[in-house]
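Structure, as structure tokens:
We did not get these values from a lab; they are worked out from the coordinates using the rules stated. For clarity, every value in this text was computed on a predicted model and none was experimentally measured. Don't worry about glycine lacking a Cβ; one is built from the backbone with ideal geometry, like all the others, and counts go over all protein chains shown.
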């Protein structure tokens, strides 16, 4: 199985036996090819309470017909996935490549075939356990990657991107507990494993964000474009440990980006995080916290600055507990929140600034049942609340039923 899928499954701690298996292995001369992935889909039932428009709010609003209650079928937080990995060892060097694409489970257009598949991975790596490894290409970002890989909604739904269906994937806990690691072109070095300690540092492709210019809507609203002046710098250090029936992982990370919206708007966006995952017997516990300056909320840089380029502080985190029942069903409960402060000089009493999101909160209760070795049934309830700086509160209560199959 592709290592990102394995990390996702293992990190979510959902007791999937598939996480220990490879995909479809094909010997090919000097190479070993691995065809791997998953297919998932969820029926979603949504009850919304919309009191106003919040720029950056994640509580989905009424559908296009103005209905408070709606339904749909959608891919979950983890997209359906088809990955191709090739590995070989040449000249005392481990060499690997991965290319993957991710189709969608739903489309709201008349024909139902307009959503373009995602292309999240295309990278090569080489190295040796004696000196580490180098990765070049597109893969999950370094900063905040452990936050999403340990989120139990990775195998479910979490927050919805749109009411019911039509989005490529859902939000999970993105924006309500952590900033999205995203998928980025990168050159990254990972150290050897020193008795459980390992670190990764890299430069990432300059992506774009938006300032808040009063344009209303969800986190994808377009305000003034923020362009990065240089490569982003991201890093993460991990320490993993295990003894008898007890295991865990502690990590810290950081990111720094220099951004510019115009010749008069320039600043350095930075963020740091820390997380801990513990597992003892049938119990699992994950805690995570982050803080950013000009880093924005939900996606990196989104709403991270005012219209005149003043940085906004942000912070948040989540806590998650899981327990494996005698039926092997995993029960999980999680609470997460992401907060965004106004910049110095901003006044919430003004309409456009007041519509900016102040916080997104999420409560998730989930059941994840391994029906077979590779197939899991999922039931989730998510309660999402978005609050603006003018105390407007929108809520969305979501029920989801579906399945996810790994191969």
Segment residue 268-residue 365, length gained on full extension (0.36 nm per residue, minus Cα span): 31.2 nm
Fewest-first ranking of 374, 369, using other Cβ atoms within 10 Å as the exposure measure: 374, 369
Computed lengthening from residue 122 to residue 191, 0.36 nm per intervening residue step minus Cα-Cα distance: 22.7 nm
Whole-percent pair-distance distribution, where bins are 5 Å wide, for the alpha carbons of the stretch 254-407: 2, 9, 14, 15, 15, 13, 11, 9, 6, 4, 2, 0, 0
For the chain: relative contact order, % (alpha-carbon pairs under 8 angstrom, 6 or more apart): 18
All-pairs alpha carbon distance profile, the chain, 10 Å steps from 0, percent: 5, 22, 33, 27, 11, 2, 0
The stretch 53-125 - Rg (one decimal) and Dmax (whole number), Cα, Å: 19.3, 63
By average C-beta atoms within 10 angstrom, highest first, the peptides 313-319, 296-302: 296-302, 313-319
Equivalent-ellipsoid semi-axes of the stretch 82-207, from the Cα gyration tensor, Å, largest first: 32, 18, 12
Computed helical MRE - 222 nm, the chain, DSSP H runs ≥ 4 contributing -39500 (n - 2.57), nearest 500: -1000 deg cm²/dmol
Point-to-point label distance, residue 403-residue 325, nm (Cα→Cβ direction, 7 Å offset): 1.9
At R0 = 41 Å, FRET efficiency that the Cβ-Cβ distance of residue 33 and residue 344 yields, to 0.05: 0.15
Whole-angstrom Cα spans of the stretch 130-190 along principal axes, big to small: 48, 20, 17
Spatial separation of Cα centroids for the stretch 34-102 and the stretch 315-362, in angstrom: 19
